[in-house]
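Encoded as structure tokens, the structure appears first; notes follow it.
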Amino acid sequence: MKKILLLAVSCGFAAAGQAATVPAVDLESAGVIVNGNTVNLYRVPSLDAAGKTHYSDVTLTLPVDKNGAIGKPAQTVKPSASPQGLQFVAGNYVGSSGALCSVTTSALADGRQQSALSCRPSVGGFSTGLAVNWVSGPLAGHPYEVDLTKAGIDQIAGRAAYSWGVINDRSGGWYYCFTTGDIVSAVQSGRQIALNVYGRANTVKCGDVFTLNAP
């Protein structure tokens with residue numbers, strides 16, 4: 001547990017090549033999705049003694065006894081599926097709420113990958129929908145560069161580990177924390193896509209995980 005929750009020293013990560021690099025974990029740069037008693041941390045950056053950055057996916061599960069007391073968290077740590085997590089897999093996905101979604105991808109002329117997620121509620125769900133677009137690559141020349149810069153995304157140190165985009169439509173009472181026009185980050189980890197919603201600023205306010213159901 002101490003290895004996972006070790007925070008970076010106050011001076012931040014030492015630069016690569018700098019003498020006496022202190023191994024550390026930067027939780028603030030990870031994608032955080034909370035669901036019930038489980039906390040999923042995607043692409044947690046950790047710095048080794050040689051100054052090299054590694055990325056891991058961490059799951060913490062909090063047990064609760066019959067008296068409601070929280071016990072010691074169970075943890076799993078595994079390397080992130082992709083070194084950058086920016087190559088997205090097209091197909092049918094299911095959101096944590098049971099939403100049925102599809103993801104399509106396309107290559108832009110400048111080499112960026114554009115992805116689009118479209119969801120509808122599961123049977124018996126609210127009559128609503130969700131549409132999100134994101135694009136890989138640096139902020140300079142990004143299709144949403146103006147919106148991202150205005151929101152202060154350029155001030156996030158770990159921004160290059162994610163693709164960035166916007167919510168094009170969120171109608172009805174479903175996905176209450178997703179709002180049309182909000183900034184989102186996206187990362188693929190194995191069969192899952194994690195979306196974090198930033199609103200119109202550079203602080204995460206909510207998110208969700210979408211799991212590939214069929215190609």
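The values are calculated or read from the model by the stated rules, or taken from the named source; none is laboratory data. Keep in mind that this is a model prediction, so the values were computed, not measured. Positions of Cβ are generated from backbone atoms using ideal geometry, with glycine treated the same way; all protein chains shown enter the neighbour counts. Ligands, DNA and RNA are stripped out before the accessible areas are found, and what is left, the full protein with its side chains, is counted by its heavy atoms. Shrake-Rupley method; radii C 1.70, N 1.55, O 1.52, S 1.80 Å.
Structure summary
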| item | result |
| --- | --- |
| Members of Lys150/Lys205; Lys52/Lys78; Lys52/Lys150 lying beyond 27 Å, as alpha-carbon distances in this model show | Lys52/Lys150 |
| Estimated inter-spin distance, Asp154 and Thr61, nm [label 7 Å along Cα→Cβ] | 4.4 nm |
| Convex hull (Cα only) mean projected area of segment 143-183, reported in nm² to one decimal | 3.3 nm² |
| Residues Asn92 and Thr38, FRET efficiency given R0 of 25 Å [Cβ-Cβ distance, rounded to 0.05] | 0.60 |
| Straight-distance crosslink candidates among aspartates and glutamates, where the alpha carbon sits under 18 Å from Lys66 and sequence neighbours closer than 8 are dropped | none |
| Estimated FRET transfer efficiency when R0 is 35 angstrom, pair Ala140-Ala74 (beta carbons, to 0.05) | 0.25 |
| Largest to smallest accessible area among Ser96, Ser102, Ser163 [probe 1.4 Å] | Ser96, Ser102, Ser163 |
| Solvent-accessible surface (1.4 angstrom probe) belonging to Lys78, in square angstrom, nearest 10 | 130 Å² |
| Sequence of Leu212, Leu62 from largest to smallest accessible area, 1.4 Å probe | Leu62, Leu212 |
